[in-house]
Every structure is written in C-alpha cells, then in structure tokens.
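A.B. asks: Shown below is the structure under consideration.
The values are calculated or read from the model by the stated rules, or taken from the named source; none is laboratory data. Predicted model only: the values in this text are computed from it and were never measured. Cβ coordinates were reconstructed from backbone atoms using ideal geometry, including for glycine residues, and neighbour counts include every protein chain displayed. Calculation scope for accessible area: heavy atoms of the full protein, side chains included, ligands and nucleic acids excluded. Shrake-Rupley method; radii C 1.70, N 1.55, O 1.52, S 1.80 Å.
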Number of protein chains: 2
Amino acid sequence: MLTQDKQQPNWQPIIKEFEAAVGKNGVVQRREELITYECDGLTSYRQRPAVVVLPRTSQQVAAVVKICNKYVVPFIARGSGTGLSGGALPVENSVLIVTSLMRQILDVDLENQLVVVQPGVINNWVTQTVSGAGFYYAPDPSSQIICSIGGNVAENSGGVHCLKYGVTTNHVLGLKIVTPEGEILDLGGEIPEMPGYDLTGIFVGSEGTLGIATEITLRILKSAESICVLLADFTSIEAAGASVSDIISAGIIPGGMEIMDNLSINAVEDVVKTNCYPRDATAILLVEIDGLAVEVAANKQKVAEICKQNGARNVTSASDPEQRLKLWKGRKAAFAAAGHLSPDYYVQDGVIPRTQLAYVLQEIEALSQKYGYKIANVFHAGDGNLHPLILFDNSVPGALEIVEEVGGEILKLCVRVGGSISGEHGIGADKKCYMPQMFTQADLETMQWVRQVFDPKGLANPEKIFPTPRTCGEAARAMGESGKKFEAIEGVERF
Amino acid sequence: MLTQDKQQPNWQPIIKEFEAAVGKNGVVQRREELITYECDGLTSYRQRPAVVVLPRTSQQVAAVVKICNKYVVPFIARGSGTGLSGGALPVENSVLIVTSLMRQILDVDLENQLVVVQPGVINNWVTQTVSGAGFYYAPDPSSQIICSIGGNVAENSGGVHCLKYGVTTNHVLGLKIVTPEGEILDLGGEIPEMPGYDLTGIFVGSEGTLGIATEITLRILKSAESICVLLADFTSIEAAGASVSDIISAGIIPGGMEIMDNLSINAVEDVVKTNCYPRDATAILLVEIDGLAVEVAANKQKVAEICKQNGARNVTSASDPEQRLKLWKGRKAAFAAAGHLSPDYYVQDGVIPRTQLAYVLQEIEALSQKYGYKIANVFHAGDGNLHPLILFDNSVPGALEIVEEVGGEILKLCVRVGGSISGEHGIGADKKCYMPQMFTQADLETMQWVRQVFDPKGLANPEKIFPTPRTCGEAARAMGESGKKFEAIEGVERF
C-alpha cells in the first residue's frame with residue numbers, strides 16, 4: 001500500500017475540499033460520530049476512518065474520489081455496512097465514502113424488465129417497487145431488509161433463491177461506476193451479453209477495489225404463478241443431504257433448498273418460536289418450489305416422495321403466502337438466533353460440491369469436537385454453500401484466535417474437496433490470507449494486474465482480497481516465491 | 001500492432017522450433033495447404049497465415065506460444081473456422097494455432113453436472129456424450145454440428161436455446177488457458193461464483209485476444225421431462241413480435257423463440273422442403289417450451305392462446321422428437337437456404353430491446369428499399385437478437401462495399417434504440433470499426449488496458465475487436481480525441 005510509509009496527512013484542507021464537493025452536512029469528522037463506521041458486519045476487526053463523506057450523485061462521488069487522488073489518501077466505499085467479510089473495513093488514515101444518501105430509484109422499465117437504482121437503495125426496496133406489477137428482484141441475502149444494492153454488487157451477494165436464479169452478477173445488466181481515479185465510466189448496458197470484454201462481470205464481486213458503482217441497472221423477473229414451501233425433518237444430516245442430491249438428480253431445480261441442523265433449529269425455536277421446526281430433528285430441509293400451479297403441484301409431490309424415500313419423518317408444505325413466510329421465518333432469523341445461543345459467533349462461508357456434503361459435515365463435527373467449540377450449521381444446500389456458525393465467547397482471551405483457526409480449517413476442507421473459500425460473503429479483510437489456498441501465484445498476480453488497470457495508485461479499498469505478507473505468514477511464503485510480473489512495470493508497488 | 005513496421009521474419013528457424021514442439025506433421029507450411037486457413041466463416045476477408053501449427057495438449061500450445069513470443073510473431077487461435085465475424089482471420093506474417101487435433105473429452109462428472117473438454121471438441125459432441133444419462137449442453141449455435149467449444153468460448157456463442165438458459169459464459173465454470181506469453185493459467189473451477197475477480201467471465205467472449213483456452217469445464221443440464229414446439233403463422237411481423245412480448249409478459253420463458261420472415265420462409269421451403277412453413281405467411285413464430293409434462297401442457301395452451309389473440313392464422317404443435325426436429329429443421333437451415341436465394345449473403349448480428357422489434361424491422365425494410373438489396377430476417381426474437389441476411393452478388397463490383405454499408409446502418413439502428421452491435425457472432429475483424437458507436441473512448445481504453453495485462457506484446461489475435469485508425473475513418477477520429485491513459489505506461493504501444 002502506497003501510503004503506509006507516509007506521515008499522517010493534514011486533513012484540514014482535504015476536508016474543506018470534501019465540504020465544497022458534497023456540502024458541510026455530507027462530511028462526518030467528529031470522533032464520536034465516526035465510531036459507527038469503525039467496522040461492518042465483521043465486528044472483530046475495527047479501524048476508525050479519518051473522515052466519512054456522504055455523496056448524493058455520481059458527480060459528487062467522482063469529485064470525492066478525485067480529491068482522494070489529489071492528496072493520495074486511500075478510500076473505502078460502504079453501503080449499509082452489513083457485509084460479513086470486512087469488505088467495508090477502513091484502513092488507517094482513510095476516507096470512508098458512504099452511499100446511504102444515494103437512495104433513489106432512477107428508472108423502472110417494466111416492459112424491458114429492468115430497474116435502475118443508486119447504490120444505497122436497499123435490496124428489498126427493488127422488489128417492493130415492482131411487486132405490484134408482478135415482478136421481483138431475485139437475489140435475496142438474509143440481510144435484504146437492510147443491505148444495499150451497492151454492497152450486493154461489491155460482494156456479488158447470493159441468498160436463499162440463488163440456487164435457481166443465480167447470484168447478483170446474473171442480475172446486473174449495466175453499471176455506472178466512478179473509477180479509482182475519479183472518472184465516470186459506463187459498463188454493460190440495458191441488454192445482456194454486450195460485445196467486448198465483460199467489464200461488468202469483473203466489477204461485480206470486486207469488493208470495492210475497482211471503483212464505486214453509482215448507478216446500477218438490475219434485471220427483474222416475473223413473479224411465479226405459484227409458490228410452495230416444503231419442510232421435511234430428518235434423523236440424520238446425511239439423509240437430508242441425500243434428499244438434496246436426489247431432488248436435483250430428478251431434474252427439479254427448486255427456488256431455494258436449505259438445511260438447518262439441530263443446534264440451529266433449537267436456537268431458532270428458542271428465539272423466533274416458529275413452532276414449525278421439530279426440536280428433536282437432527283436436520284430439517286426447506287425446499288421452495290415455484291412456477292406454474294400445475295408444475296408446482298407436480299414437483300411438490302415428487303419432492304415429498306424423495307424426502308420420504310430418504311427417511312424423512314414428516315413432510316409438511318405451505319402454499320399460502322403467510323404460511324410460507326412462517327416456514328421461512330426461522331431460516332431467515334438463524335444468524336440472529338445464534339447470537340442467543342452464545343455471547344458471540346463467527347459465521348463461516350464456504351462452498352463445496354454438493355456430492356461432498358455428508359463428508360464435509362462429518363469433518364466439521366470432528367473439528368467441533370477437537371477444538372471444543374459448538375458449531376451450528378445452516379446452509380444453502382442446493383448449491384453447496386455452507387454457513388457454519390462457530391459459537392464462542394469473545395471475552396475469553398484467545399478465543400477469537402482459536403475460532404478463526406477453526407474457521408480456517410473449515411475453509412481448507414472446502415478447498416480440499418474442490419470447493420471455494422467464499423460463496424457469497426466475499427473475501428474482504430477476513431479471508432485474504434486463504435486466497436493462496438485456492439489460487440496459484442499466477443492467478444493472484446493476474447488479478448492484481450487487472451486491479452492496477454483500474455487503480456494504478458492502489459487507493460481503492462486497499463488491503464482487501466489479496467493476501468499481504470504483513471498479515472499472513474502462509475501468504476507471505478507464497479508471495480515470496482515470485483513477483484516477476486510485478487517488477488516489470490516500473491514504479492508500481494505491490495499491494 | 002508491434003510487427004507492422006518490421007521486416008518479414010525468417011521463418012525457417014521458427015518452423016524448426018514448432019516442429020520440435022508439436023512434431024513435423026503438426027506443422028503446415030506449404031502454400032496450397034495454407035489456403036484452407038485464409039479465412040473463417042466471414043469469407044469476404046482473407047489473409048494467408050505464414051504457418052499453421054496443430055498442437056495436441058496444453059503444454060504444446062504453451063510451447064508454440066512461447067516460440068511466437070521469442071520471435072515476436074503474432075498468433076491467432078482457430079477452432080473449426082465457422083465464426084462469422086472474422087475472429088480467426090490471420091494477419092500478415094502470423095502463426096495460426098489450430099485446435100482441431102485437441103478433441104478429447106477429458107472428464108465427465110454427472111454427479112456434479114460437468115464435463116471437461118479440449119477446445120477442438122465439437123459443440124454437439126458434448127450433448128451426445130451425456131444425453132444417454134439424461135443431460136445436455138445448452139448453448140446451441142446453428143453451426144453446432146461443426147463448430148468447436150474453443151471457438152464458442154472465444155465468441156461467447158449463443159443459439160436458439162439461449163433465451164432461457166443463457167449463452168456460453170453462463171455454462172463455463174472453469175478454464176485452463178495459455179496466456180499470450182505462453183504461461184498456463186487456471187481460471188474458475190468446478191463450482192460457479194468463485195471469489196476474486198471473475199477472470200473466467202472476462203476470458204469468455206474475448207475472441208482469442210487474452211490467450212487460448214486449452215481445457216474447458218462446462219456445466220451440463222438435466223434434460224427436460226417434456227418438450228413441445230409450437231409454430232404460429234402471421235400476416236404481419238408486428239403481430240409475431242407482439243406475441244413474443246405477450247408470451248414473456250405472461251411469465252413464460254420458452255426454451256427458444258424464433259421469428260422468420262416471408263423471404264426466409266420461402267428460401268427454406270425451396271431448399272429444405274419442410275412443408276411445415278406456410279409460404280404465404282408474412283412471418284412465422286417458433287416457440288419451444290420445456291419442463292415437466294404438466295407445465296409444458298399448460299404453457300402450450302397459453303402460448304397458443306396468445307398467438308391467436310394476436311391474429312395468428314394457425315398454430316400447430318409437436319411434442320414427438322421427430323416432429324419437433326422437422327419444425328426446427330427449416331430454422332436451423334435458414335442461413336444455408338439464403339445461399340440459394342442469391343449468389344452471396346451477408347449475415348448481420350445485432351441486438352435490440354424486445355420492445356423495439358416492430359420499429360426496427362420497419363427501418364430495416366426501409367434500408368432494403370433505399371439501397372435496393374433484399375434483406376431476409378431470421379432472429380432469436382425472445383432476446384431481441386436479429387440476424388438480417390442481406391442478399392447480394394459479390395461478382396458485381398462495389399456490391400460488397402454497399403452491403404457492408406447497409407449492415408453498418410443496421411448496427412447503428414440497433415445502438416440507437418438501446419441495443420448492441422453483436423449478439424453472438426462477436427466483433428472480430430468485421431465490426432471493430434463500429435465499437436465507438438457503442439462504447440466511449442474511456443470504455444475502450446479500459447478494455448485495452450485489460451488486454452495489455454494478459455498480452456503486453458500485443459501478439460494474441462491482433463487487429464481484432466478494437467478499432468484501429470488505419471482501417472476505419474470513423475474510429476480514427478474517435479481514437480484521435482484521447483489516448484492519455486495509453487501514454488502513461490512507457491514503452492507500451494497502442495494496438
């Protein structure tokens with residue numbers, strides 16, 4: 001990072017320029033007000049930013065970024081701050097650009113099935129805006145009533161319904177972005193599959209390192225004629241996992257397919273009291289089917305049969321919207337409920353091939369036994385995206401470190417079986433040291449070269465995604481082996 | 001291009017090294033044998049390569065590319081040579097790397113629904129390999145019995161069934177590539193949505209400018225329980241277009257939805273003699289519905305009603321595989337049939353928002369009248385991807401130039417209504433001068449910077465995608481305006 005060796009900058013003239021760009025009440029600089037912005041959803045990492053700026057338009061974002069460039073200070077974009085990988089964690093002496101005032105829905109074009117929004121617009125608002133006309137926006141993170149579309153774009157967020165409909169990148173048609181140098185650029189457009197390189201695709205999921213999205217063109221989908229949720233309870237997790245494989249093998253792609261284990265079920269019942277989830281079940285499987293009424297009726301039958309064949313004790317279903325919501329309520333509240341089981345919890349986010357489900361869950365249980373920490377499992381079973389919740393007490397000295405080690409072991413396990421170290425929460429600050437587990441040095445160098453195309457000064461969300469020798473011993477060794485490419489361009493330092 | 005001002009290289013030592021890398025019978029250098037490789041499916045552009053090399057493995061491709069780097073000679077990858085935009089057109093003094101001997105299916109993993117292939121594998125072979133087990137590979141260009149997966153990846157190919165299932169990029173999970181510098185790199189993997197930048201996404205559709213894919217991991221889909229094709233005939237193209245909009249608005253996403261106009265219908269009936277397409281129809285609409293049997297039955301009913309409401313004279317349908325094939329046969333043969341209407345034809349490939357269909361077809365008809373060339377229209381109506389076929393006689397001096405002008409006018413029309421200059425055939429050599437119609441200078445510069453990350457010497461498929469001042473007056477003016485970014489890195493020349 002370029003600014004590391006520098007003196008603390010003189011913030012007064014910089015803040016003056018920010019105030020000229022966005023107005024006085026768009027700049028936050030009092031220490032007590034800055035506390036809010038010390039961390040995102042990954043609360044174990046904290047760093048106060050030097051100043052927070054709240055722009056309202058693409059032009060204001062561009063002006064703010066240009067000022068950062070002029071004074072060579074790093075900046076970090078932040079939406080609602082609900083990210084779980086520390087993607088919006090400030091660095092020392094940095095500017096936090098918060099998009100909370102950019103909450104306009106700029107265009108609704110039902111005929112062409114698209115909506116254009118500012119980045120601060122809340123995920124759920126998009127569906128609310130178009131639901132009256134029979135449309136919805138598919139990606140639905142658990143945090144959808146609070147997380148922002150800008151943050152979803154940065155992290156390429158998923159959700160319960162991404163099994164059938166894909167994650168954020170599959171629903172972003174175009175972007176207006178402010179590059180890390182403060183230029184306004186249009187990527188993609190209003191139709192899918194533009195010619196030229198897919199810069200929209202590379203921007204989505206780049207975690208704020210390639211610039212700030214200031215206008216986002218989203219694809220919306222027609223609401224299904226009929227929706228049905230099934231709940232099956234099992235006496236073994238393996239049986240629930242086998243049902244998932246069999247449902248997919250039968251050619252059915254449910255809208256969502258979720259498994260919760262006994263620990264999660266009881267946490268949820270303690271807190272949300274759905275009275276739907278049997279407390280003695282080893283695992284429950286939630287399956288949502290959508291489509292034409294006749295299709296849903298036929299698939300409902302098939303799914304129920306498959307679950308029964310795999311030993312489900314009971315299969316119940318709900319088609320009425322209120323009843324469906326009740327079945328989902330526990331799943332949506334699972335993370336929050338984990339907070340009641342234990343003073344603290346650490347959510348992991350890994351992906352495995354669906355066929356490895358039973359093996360990986362056994363190994364996670366073995367890790368739980370070995371380290372002595374309870375692990376609750378809640379996951380998007382259909383696409384193999386695990387969310388183990390490691391329960392601990394952060395007031396116990398050293399506990400966080402051990403829990404992070406357990407989390408790391410889980411990620412290594414995911415990679416070992418051919419999976420990934422992140423499904424939908426991103427790499428951020430949290431997992432960058434595991435990137436060499438998954439990518440070769442050449443892969444990481446190629447990505448960093450692409451990063452330099454957008455951000456030659458390394459000012460946009462530094463110290464994220466890519467491992468730095470300073471913070472991770474393992475990565476340091478890997479990085480030490482090569483570096484040829486980076487030395488080829490004069491004057492460009494490594495991140 | 002770096003080699004423009006250079007002397008013709010001494011090919012003898014280069015060819016010796018190629019022979020050492022791939023064996024003597026993997027190198028083609030006799031003039032008469034090189035003729036085959038002068039052009040791809042865009043036959044109006046021709047350039048003989050200096051030498052053709054046919055490697056068999058990733059290692060051999062890497063060795064060949066390293067030799068090209070050593071002698072600083074440009075190289076172009078070619079699959080089956082069916083591309084329609086001149087993406088595999090050689091440049092002067094270049095090496096053509098042909099993947100026709102790389103035809104192994106390396107892995108079939110039905111449980112995780114993926115197949116790994118070498119780039120020379122023919123598109124249709126993938127489905128043939130897995131169809132017995134109830135799976136298929138979705139992207140199906142008209143040329144699918146001859147085009148290669150490597151070429152599909154380069155051009156991000158589409159096809160009739162891409163309306164519902166997406167184009168090539170939605171079906172490529174991972175890639176082994178040889179970079180333009182001859183290094184072997186793995187992008188993506190066996191699961192979708194890996195963390196880090198989406199390099200797989202940027203590679204797919206990069207038309208051979210970012211390297212050569214040598215192993216491709218494809219997602220395969222479960223075959224539908226039931227498939228039905230409907231054929232509706234109309235007395236106006238507008239009515240066929242309105243039916244398309246109404247079908248989508250009703251929440252039905254057909255597997256494919258195609259319109260052919262009267263000229264195409266008669267061409268097809270003259271040649272293929274399907275006896276299914278009414279010769280007096282102004283337009284026919286083909287709709288393929290797939291899914292559960294109950295779903296297909298319900299949607300078939302709805303689609304037929306919508307077509308009738310929009311004035312269809314007749315709606316027929318076929319569910320039996322043989323009958324279905326018969327209904328599709330004419331559409332699949334439409335390009336070939338156009339060759340019987342006229343000595344030559346030029347296929348255009350543009351995209352428009354679905355809602356602009358009627359207007360754009362009127363304007364195309366007006367262009368046909370103005371220039372005095374017949375234009376047959378065949379198109380993927382569901383996703384607004386037009387394929388106007390401009391009929392002409394290339395032996396008439398000046399005809400090609402006028403036809404290219406008409407083609408250009410059509411593309412400008414597509415851009416004007418918010419569409420794109422290519423839907424699935426790529427930019428290649430053919431359309432690079434229209435890129436500034438669609439992208440700003442900043443967009444194009446950003447893409448070229450990304451290109452330089454992969455290909456600092458500019459050796460991989462040069463003179464493609466990006467407009468060069470030398471070949472296009474319009475582009476030259478656009479390029480003249482800026483260039484700031486390119487001057488920033490010392491020693492890097494513009495393409």
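A.B. asks: Scan the range A:445-463 residue by residue and report those that are of a type in the set (A, V, I, L, M), within 8 Å of another protein chain (Cβ to nearest Cβ) and under 20 Å from residue A:430 (Cα atoms). Break it down into steps so the answer makes sense when it comes.
C.D. replies: We begin by selecting, within the range A:445-463, every residue of a type in the set (A, V, I, L, M); these are A:447, A:450, A:453, A:459-460.
From what's left, within 8 Å of another protein chain (Cβ to nearest Cβ): A:447, A:450, A:453.
A:447 - this is the single residue of the range A:445-463 that is of a type in the set (A, V, I, L, M), within 8 Å of another protein chain (Cβ to nearest Cβ) and under 20 Å from residue A:430 (Cα atoms).
A.B. asks: Something else about it: When you look at residue A:70, is it within 14 Å of another protein chain (Cβ to nearest Cβ) and either under 26 Å from residue A:31 (Cβ atoms) or modelled with pLDDT of 95 or more (or both), yes or no? Lay out the reasoning, then the answer.
C.D. replies: Numbers: within 14 Å of another protein chain (Cβ to nearest Cβ): no; either under 26 Å from residue A:31 (Cβ atoms) or modelled with pLDDT of 95 or more (or both): yes.
Here the answer is no, as residue A:70 does not meet what is asked.
A.B. asks: Further question: What pairs come up if the first residue lies in the range A:207-224 and is at positive phi, the second is part of a loop (DSSP other than H, G, I, E, B) and buried (at least 24 other Cβ atoms within 10 Å of the Cβ), and their beta carbons are under 6 Å apart, counting only those six or more places apart or on different chains?
C.D. replies: Pairs found: A:207/A:87; A:207/A:426; A:207/A:464; A:207/A:465; A:208/A:461; A:211/A:180.
A.B. asks: Now for a different question. Tell me, yes or no, whether the range B:352-368 has at least one residue that is hydroxyl-bearing (Ser, Thr, Tyr) and at pLDDT 95 or above. Let's see the steps before the verdict.
C.D. replies: First pass over the range B:352-368, keeping only residues hydroxyl-bearing (Ser, Thr, Tyr): B:355, B:359, B:368.
Next, from what is left, pick out any that are at pLDDT 95 or above: B:368.
The answer is yes, given that some residue of the range B:352-368 is hydroxyl-bearing (Ser, Thr, Tyr) and at pLDDT 95 or above.
A.B. asks: Hey, does the range A:77-88 have a residue that's closer than 21 Å to residue A:455 by Cα, among the hydrophobic types (A, V, I, L, M, F, W, C) and either open to solvent by 60 Å² or more (accessible area, probe 1.4 Å) or assigned to a strand (DSSP E or B) (or both)?
C.D. replies: As a first pass, look at the range A:77-88 and keep what is closer than 21 Å to residue A:455 by Cα: A:77-79, A:86-88.
Among the residues that remain, those that are also among the hydrophobic types (A, V, I, L, M, F, W, C) are: A:77, A:88.
Of the ones still in play, those that are also either open to solvent by 60 Å² or more (accessible area, probe 1.4 Å) or assigned to a strand (DSSP E or B) (or both) are A:77.
Checking the range A:77-88: at least one residue is closer than 21 Å to residue A:455 by Cα, among the hydrophobic types (A, V, I, L, M, F, W, C) and either open to solvent by 60 Å² or more (accessible area, probe 1.4 Å) or assigned to a strand (DSSP E or B) (or both).
A.B. asks: Given A:34, A:96, A:106, which one is in contact with a strand residue (DSSP E or B) (Cβ under 8 Å, 6 or more places away or on another chain) and within 15 Å of residue A:208 (Cα to Cα)?
C.D. replies: Numbers: A:34 fails: within 15 Å of residue A:208 (Cα to Cα); A:106 fails: within 15 Å of residue A:208 (Cα to Cα).
The unique qualifying residue is A:96.
A.B. asks: Can you confirm whether residue A:201 is at positive phi and small (Gly, Ala, Ser)?
C.D. replies: Values: at positive phi: no; small (Gly, Ala, Ser): yes.
The answer is no for residue A:201.
A.B. asks: Looking only at residues that are more than 18 Å from residue B:439 (Cβ to Cβ) and at pLDDT 95 or above in the range A:170-184, which one is nearest to the other protein chains (Cβ to nearest Cβ)? Outline the logic, then answer.
C.D. replies: Initial filter on the range A:170-184 (more than 18 Å from residue B:439 (Cβ to Cβ)): A:170-171, A:180-182.
Next cut, at pLDDT 95 or above only: A:171, A:180-182.
On the way: A:171: 12, A:180: 12, A:181: 9, A:182: 12 Å.
This residue is A:181.
A.B. asks: Here's a check for you: in the range A:403-422, which residue that is open to solvent by 10 Å² or more (accessible area, probe 1.4 Å) and away from chain B (no Cβ under 14 Å) is farthest from residue A:373 (Cα to Cα)?
C.D. replies: Applying the filter and picking the extreme gives A:412.
A.B. asks: Okay, next question. Hey, among the residues in the range A:423-438 that are assigned to a loop (DSSP other than H, G, I, E, B) and over 19 Å from residue A:462 (Cβ atoms), which one's farthest from the other protein chains (Cβ to nearest Cβ)? Even if it seems obvious, please write down each step before you answer.
C.D. replies: Here is the first cut: in the range A:423-438, the residues assigned to a loop (DSSP other than H, G, I, E, B) are A:423-431.
From what is left, the residues that are over 19 Å from residue A:462 (Cβ atoms) are A:423-425.
Numbers: A:423: 7, A:424: 8, A:425: 9 Å.
Out of the qualifying residues, it is A:425.
A.B. asks: Here is a follow-up. Could you check the range B:244-266 and list, in sequence order, the residues that are open to solvent by less than 10 Å² (accessible area, probe 1.4 Å) and either of a type in the set (Lys, Arg) or outside any strand (DSSP E or B) (or both)? Step through it out loud before you land on a result.
C.D. replies: Just the residues of the range B:244-266 that are open to solvent by less than 10 Å² (accessible area, probe 1.4 Å), to begin with: B:244, B:247, B:252, B:254-260, B:264-265.
Scanning the range B:244-266 gives B:244, B:247, B:252, B:254, B:255, B:264, B:265.
A.B. asks: Within the range B:29-53, restricting attention to residues that are open to solvent by 20 Å² or more (accessible area, probe 1.4 Å) and of a type in the set (A, V, I, L, M, F, W, C), which residue is farthest from the chain's Cα centre (by Cα)? Walk me through it before giving the result.
C.D. replies: Residues of the range B:29-53 that are open to solvent by 20 Å² or more (accessible area, probe 1.4 Å), as a first pass: B:29-33, B:35-38, B:41, B:43-48, B:50.
Right, trim to of a type in the set (A, V, I, L, M, F, W, C) and you get B:35, B:50.
Numbers: B:35: 23, B:50: 26 Å.
Result: B:50.
A.B. asks: Which is more than 25 Å from the chain's Cα centre (by Cα), among the hydrophobic types (A, V, I, L, M, F, W, C) and within 11 Å of another protein chain (Cβ to nearest Cβ), of B:232, B:250? Spell out the reasoning first.
C.D. replies: On the way: B:232 fails: within 11 Å of another protein chain (Cβ to nearest Cβ).
After applying the criteria, what remains is B:250.
A.B. asks: Now, a different point. Return the residue satisfying two criteria in turn: it lies in the range B:58-76 and is touching a helix residue (DSSP H, G or I) at 6+ places or on another chain (Cβ under 6 Å) and buried (at least 24 other Cβ atoms within 10 Å of the Cβ), and of such residues it is farthest from residue B:150 (Cα to Cα). Write out each step before concluding.
C.D. replies: To start, the set of residues in the range B:58-76 that are touching a helix residue (DSSP H, G or I) at 6+ places or on another chain (Cβ under 6 Å) comprises B:60, B:63-64, B:67, B:71, B:75.
Narrowing further to those that are buried (at least 24 other Cβ atoms within 10 Å of the Cβ): B:64, B:75.
Numbers: B:64: 17, B:75: 16 Å.
Ranking the candidates gives B:64 first.
A.B. asks: Among the residues of the range A:122-151, which ones are within 14 Å of another protein chain (Cβ to nearest Cβ) and without any contact (Cβ under 8 Å) to a residue 60 or more places away in the chain? Spell out the reasoning first.
C.D. replies: Filtering the range A:122-151 for residues within 14 Å of another protein chain (Cβ to nearest Cβ) gives A:130-131, A:133-136, A:138-139, A:141.
Listed by number, the residues that qualify are A:133, A:139.
A.B. asks: Considering only residues that are assigned to a loop (DSSP other than H, G, I, E, B), hydroxyl-bearing (Ser, Thr, Tyr) and within 20 Å of residue B:159 (Cβ to Cβ), which ones fall in the range B:100-138? Show your work before the answer.
C.D. replies: Within the range B:100-138, the first condition is being assigned to a loop (DSSP other than H, G, I, E, B), and the residues that meet it are B:100-104, B:110-113, B:118-121, B:132-134, B:137-138.
In the following step, the residues that additionally are hydroxyl-bearing (Ser, Thr, Tyr) were identified as B:100, B:137.
Once the filter is applied, which keeps residues that are assigned to a loop (DSSP other than H, G, I, E, B), hydroxyl-bearing (Ser, Thr, Tyr) and within 20 Å of residue B:159 (Cβ to Cβ), the range B:100-138 yields only B:137.
A.B. asks: Sticking with this one: What do you reckon, is residue A:165 at pLDDT below 95, among the hydroxyl-bearing types (Ser, Thr, Tyr) and crowded, with 24+ Cβ neighbours inside 10 Å?
C.D. replies: On the way: at pLDDT below 95: yes; among the hydroxyl-bearing types (Ser, Thr, Tyr): yes; crowded, with 24+ Cβ neighbours inside 10 Å: no.
Criteria not met by residue A:165.
A.B. asks: Mind telling me which of the residues B:241, B:201 ends up being surrounded by 23 or more Cβ atoms within 10 Å (Cβ to Cβ), under 26 Å from the mean Cα position of the chain (by Cα), more than 8 Å from chain A (Cβ to nearest Cβ) and not in a loop (DSSP other than H, G, I, E, B)?
C.D. replies: Working: B:201 fails: more than 8 Å from chain A (Cβ to nearest Cβ).
The unique qualifying residue is B:241.
A.B. asks: Return the residues of the range B:144-159 that are open to solvent by 10 Å² or more (accessible area, probe 1.4 Å) and either of a type in the set (Ser, Thr, Tyr) or not in a helix (DSSP H, G or I) (or both); say none if nothing qualifies.
C.D. replies: First, the residues of the range B:144-159 that are open to solvent by 10 Å² or more (accessible area, probe 1.4 Å): B:144-146, B:150-151, B:154-157.
Within the range B:144-159, B:144, B:145, B:146, B:156, B:157 meet the criteria.
A.B. asks: Still on this structure, I have one more. Kindly indicate the residue of the range A:278-298 that is outside any strand (DSSP E or B) and open to solvent by less than 10 Å² (accessible area, probe 1.4 Å) and also farthest from the other protein chains (Cβ to nearest Cβ) among those meeting that condition. Full working, then the answer.
C.D. replies: Step one: list which residues in the range A:278-298 are outside any strand (DSSP E or B), which gives A:278-282, A:292-298.
Filter again for open to solvent by less than 10 Å² (accessible area, probe 1.4 Å), leaving A:281, A:296.
Working: A:281: 27, A:296: 9 Å.
Among residues in the range A:278-298 that are outside any strand (DSSP E or B) and open to solvent by less than 10 Å² (accessible area, probe 1.4 Å), the one farthest from the other protein chains (Cβ to nearest Cβ) is A:281.
A.B. asks: If residue A:187 passes every condition in (1) buried (at least 24 other Cβ atoms within 10 Å of the Cβ); (2) assigned to a loop (DSSP other than H, G, I, E, B); (3) within 11 Å of another protein chain (Cβ to nearest Cβ); (4) not acidic (Asp, Glu) but one, which one does it miss?
C.D. replies: Tallying (1) buried (at least 24 other Cβ atoms within 10 Å of the Cβ); (2) assigned to a loop (DSSP other than H, G, I, E, B); (3) within 11 Å of another protein chain (Cβ to nearest Cβ); (4) not acidic (Asp, Glu), residue A:187 fails exactly one: (2).
A.B. asks: Show the residue pairs that are 6+ apart or on different chains and have beta-carbon atoms under 7 Å apart, the first residue being within the range B:339-354 and more than 15 Å from residue B:45 (Cβ to Cβ) and more than 14 Å from chain A (Cβ to nearest Cβ), the second being open to solvent by 20 Å² or more (accessible area, probe 1.4 Å) and of a type in the set (D, E, K, R).
C.D. replies: That search, which allows pairs on different chains as well, returns B:340/B:270; B:342/B:393; B:343/B:393.
A.B. asks: Do the conditions hold for residue B:442, that is, is it closer than 30 Å to residue A:185 by Cα, under 20 Å from the mean Cα position of the chain (by Cα), of a type in the set (A, V, I, L, M) and within 14 Å of chain A (Cβ to nearest Cβ)? Please lay out each step first, then the result.
C.D. replies: Working: closer than 30 Å to residue A:185 by Cα: yes; under 20 Å from the mean Cα position of the chain (by Cα): no; of a type in the set (A, V, I, L, M): yes; within 14 Å of chain A (Cβ to nearest Cβ): yes.
No: the conditions fail for residue B:442.
A.B. asks: In this structure, does residue B:103 turn out to be among the charged types (D, E, K, R) and in contact (Cβ under 8 Å) with a residue 40 or more places away in the chain?
C.D. replies: Spelling it out, it is not the case that residue B:103 is among the charged types (D, E, K, R) and in contact (Cβ under 8 Å) with a residue 40 or more places away in the chain.
A.B. asks: Quick check on my filter: what residues within the range A:299-322 are outside any strand (DSSP E or B) and either hydroxyl-bearing (Ser, Thr, Tyr) or closer than 30 Å to residue B:302 by Cβ (or both)?
C.D. replies: Quick first cut of the range A:299-322, residues outside any strand (DSSP E or B) only: A:299-313, A:319-322.
Those that are outside any strand (DSSP E or B) and either hydroxyl-bearing (Ser, Thr, Tyr) or closer than 30 Å to residue B:302 by Cβ (or both): A:299, A:300, A:301, A:302, A:303, A:304, A:305, A:306, A:319, A:320, A:321, A:322.
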